[in-house]
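Inspection log for the structure reproduced underneath, given as structure tokens.
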Amino acid sequence: MKLYLIRHGETIWNEKGLWQGITDVSLNEKGKEQARKLANSLERVDAIYSSPLKRSLETAEEIAKRFKKEIIVEEDLRECEISLWNGLTVEEAIREYPVEFKKWSSDPNFGMKGLESMRNVQDRVVKAIMKIVSQERLNGSENVVIVSHSLSLRAFICWVLGLPLYLHRNFKLDNASISVVEIESKPRLVLLNDTCHLKES
């Protein structure tokens, strides 16, 4: 089985470099076009799972249309809850909440009201994705699409690679990128942050 880990297409908040967290922002026009290109680049899809947030669902909808599949919404694929600095740039968050930002960035177990710990994000996302794997094995699926968010997917990839969770900051996932995890005796990463499908033809 292959898991196609897809970060949603661009939103206006992405365009402006603002933290979104679980704020429900829709795709902008560029993001919609990215989603269409992404859908057209896939060859076979047996199942589609998505975060409940609009930007993920709208990305998943383009894939669902192409392959005539239903989208299964999985609540635990949502993004990290960071309402403490939603709508701020990274620079503004650091300036306005220096202590909280430093603790959250350096300690995966640090969380507080309005700030979900990265450990909690990893725990729920790993649990959700491995539940999906178990279900889709029963269904005989070989290609499973999971549309989610940058922090959530990076936390899962750290788990796949056996990396300390704080190292999620050492790689990035672009909007509408595809990363692939192959499930055999254990999960292994075979593709990271592929955006070739977004290049102008």
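For (1) touching a Phe, Trp or Tyr at 6+ places or on another chain (Cβ under 9 Å); (2) open to solvent by 60 Å² or more (accessible area, probe 1.4 Å); (3) in a loop (DSSP other than H, G, I, E, B); (4) farther than 27 Å from residue 194 by Cβ, each residue gets a yes or a no:
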residue: 93; (1), (2), (3), (4): yes, no, no, yes
residue: 99; (1), (2), (3), (4): no, yes, no, yes
residue: 120; (1), (2), (3), (4): no, yes, no, yes
residue: 130; (1), (2), (3), (4): no, no, no, no
residue: 137; (1), (2), (3), (4): no, yes, no, no
residue: 146; (1), (2), (3), (4): yes, no, no, no
residue: 174; (1), (2), (3), (4): no, no, yes, no
Residue in segment 69-83 that is modelled with pLDDT under 95 and either part of a helix (DSSP H, G or I) or within 22 Å of residue 42 (Cα to Cα) (or both) present: yes
message: So the check is Cβ under 7 Å with 6+ separation or different chains; which pairs have a first residue in segment 92-114 that's within 16 Å of residue 151 (Cα to Cα) and a second one that's surrounded by 15 or more Cβ atoms within 10 Å (Cβ to Cβ) and among the aliphatic types (A, V, I, L, M)?
response: 101/93; 101/94; 104/115; 108/118; 108/165; 114/84
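Conditions (1) modelled with pLDDT of 95 or more; (2) under 12 Å from the mean Cα position of the chain (by Cα); (3) of a type in the set (Val, Ile, Thr), marked per residue:
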site	(1), (2), (3)
105	no, no, no
114	no, no, no
120	yes, no, no
181	yes, no, yes
191	yes, no, no
message: Given the options 79, 58, 74, 116, name the one that is under 18 Å from residue 152 (Cα atoms), charged (D, E, K, R) and in contact with a Phe, Trp or Tyr (Cβ under 6 Å, 6 or more places away or on another chain).
response: 74
field: Answer residue from segment 176-186, given it is free of Cβ contacts under 8 Å to residues at least 60 places away in the same chain and not small (Gly, Ala, Ser) and is least open to solvent (accessible area, probe 1.4 Å) among those
entry: 184
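May I ask you to list the residues in segment 101-118 that are hydrophobic (A, V, I, L, M, F, W, C) and surrounded by 14 or more Cβ atoms within 10 Å (Cβ to Cβ)?
Step one: list which residues in segment 101-118 are hydrophobic (A, V, I, L, M, F, W, C), which gives 101, 104, 110, 112, 115, 118.
Matches in segment 101-118: 101, 104, 110, 115, 118.
Please pick out the residue among 147, 133, 160 that is of a type in the set (Val, Ile, Thr), in contact (Cβ under 8 Å) with a residue 12 or more places away in the chain and touching a helix residue (DSSP H, G or I) at 6+ places or on another chain (Cβ under 6 Å). Show your work before the answer.
Working: 133 fails: touching a helix residue (DSSP H, G or I) at 6+ places or on another chain (Cβ under 6 Å); 160 fails: touching a helix residue (DSSP H, G or I) at 6+ places or on another chain (Cβ under 6 Å).
Matching residue, one of 147, 133, 160: 147.
Yes or no, residue by residue, for (1) open to solvent by less than 40 Å² (accessible area, probe 1.4 Å); (2) without any contact (Cβ under 8 Å) to a residue 60 or more places away in the chain:
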residue	(1), (2)
27	yes, yes
34	yes, no
65	no, yes
69	no, yes
73	no, yes
77	yes, no
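The values are calculated or read from the model by the stated rules, or taken from the named source; none is laboratory data. This one's a predicted model, so the numbers in the text were calculated from it and none came from an experiment. Counting neighbours? That spans all protein chains shown, and the Cβs are built from the backbone with ideal geometry, glycine included. Remember, those area values only see protein heavy atoms, side chains included, never the ligands or the DNA or RNA. Shrake-Rupley method; radii C 1.70, N 1.55, O 1.52, S 1.80 Å.
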